Amino acid sequence: MGKKKNNPSHGPFALGMDMGGTKILAAVVDAEGQILAEAKLKTGAREGPDAVIQRMAEAARQAVRRAEVLWQQVIGLGVGAPGPLDPVHGIVHHAPNLPGWKEVRLGPRLSDLLGVPVFVENDVNLGTLGEHALGAGRGTRDLVGIFVGTGVGGGLILDGQLRSGYRHAAAEVGHMIVLADGPVCGCGKRGCLESVASRTAIDRDIRLGLAAGRQSLIPKLTKSRQRLTSGVLAKAWRKGDPLVTEVLGRAQWYLGLLTASIVNMIDPEMVVFGGGVVEALGDEFLDPIRTTARQYFIQQDDADAVQIVPAKLGDQAGVLGAAVHARRQASKHPASSVVGLKLPSGAR
Ligand SMILES: [Zn+2]
């Protein structure tokens, strides 16, 4: 191997990992939040949990090798996984996009493979933590993250700390009801935000419009039966496509109502919007959301003081948040008490 990287820090370093339906991203991160090295592997979800866990361990090893740090310098591994999960014991209860994931002891198994403490958390929670610690929300105390993609996820930071709730199910903003008796949501209930403002909902409404004979650039921009991507959506929207503008306008309206409800509840300094749809459409997409939200703030004084901003870290929010989480958790639980994640019961 070559000479040591020009990195003045001697650690400890934290490993962050984001496990998605299609790819696994791992990164070695120093105390300042700088990524020293990354590794990316395909999830290969169809092969089931055992194969995926092996690949996650391999991604971690690759990242550590590339960063040219020693495992003894790695304080812990934070893993963002799709929920619902039990962060205390590192168990993924089930993961909708990952076949065979039922009560998988992800944390303990990774910890056995790698020999470092492993801290599993909800992926969107960690994305929000990343934005708070190292991205758009740096320096704020209370912040809410809203991530709009295939679904809509959220995260909550209060007093600078990630809050996952009594049953680890907090900040599920995608399932806040914004339209009583509205469309059926992925969760089976009606009228959740996700059922009217996710990319899945936007896709559905555009197809309904096309089926009703509305003119649109969408058929030209998508190959037949291909799912609508955020990139295609952005292209049609920038060209002023009337159907896309109308459907997105509806999604923006509901996102604005949601933001107002959240602000009326939490009164945070900042609401950060991320996820594939927001990344593709950019800050301009947030303008109508800001306008609607501010109309519905109950506290109208200094309404502009609540910042409604786009996320800054893009794809890296998850791994960076995971590394921040690992560092914080590892310092709360010294390695001697966490190796193999044999946490005393009730420990957080
Ligand atoms: Zn729902």
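Values as computed for the structure displayed
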| item | result |
| --- | --- |
| Segment 164-316, dipole about Cα centre (Lys/Arg Cβ +1, Asp/Glu Cβ -1), debye to the nearest 20 | 1020 debye |
| Segment 111-219 - Debye-derived log10 I(q)/I(0), Cα point model, q = 0.17, 0.20 Å⁻¹ | -0.88, -1.02 |
| For segment 153-292, the spread of Cα positions along each principal axis, largest first, Å | 48, 31, 24 |
| Added length on full extension, which subtracts the Cα-Cα distance from 0.36 nm per residue, A180 to H89 | 29.1 nm |
| Cα lying deepest toward the dipole's positive end in segment 283-335, options A317, V306, P288, charges on Cβ | A317 |
| Neighbour-count order for M270, M56, M17, fewest beta carbons within 10 angstrom listed first | M270, M56, M17 |
| Mean projected area (nm²) of the alpha-carbon convex hull when segment 187-258 is viewed from all directions | 5.2 nm² |
| Relative pair counts by distance (%), Cα atoms of segment 1-156, 10 Å bins | 11, 40, 36, 13, 1 |
| Summed side-chain charge close to A323 - residues other than A323 whose Cβ falls under 12 Å, Lys, Arg +1, Asp, Glu -1 | -3 |
| The chain: radius of gyration and largest Cα-Cα distance (Dmax), Å | 20.7, 65 |
| Point-to-point label distance, N97-D302, nm (Cα→Cβ direction, 7 Å offset) | 3.9 nm |
| For the chain, share of DSSP beta bridges that run antiparallel, in % to the nearest 5 | 55 percent |
| Likely footprinting exposure, M176, M19, fewest C-beta neighbours within 10 Å first | M176, M19 |
| Sequence-separation-based contact order of the chain, relative, with Cα cut under 8 Å and 6+ spacing, percent | 21 percent |
| Proxy reagent accessibility, fewest Cβ within 10 Å first, across S164, S111, S331 | S331, S164, S111 |
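Just so you know, all these numbers are worked out from the coordinates, no wet-lab data involved. These numbers come from a predicted model, not from an experiment. Neighbour counts are summed over all protein chains in view; Cβ atoms, including those assigned to glycine, are modelled from backbone coordinates with ideal geometry.
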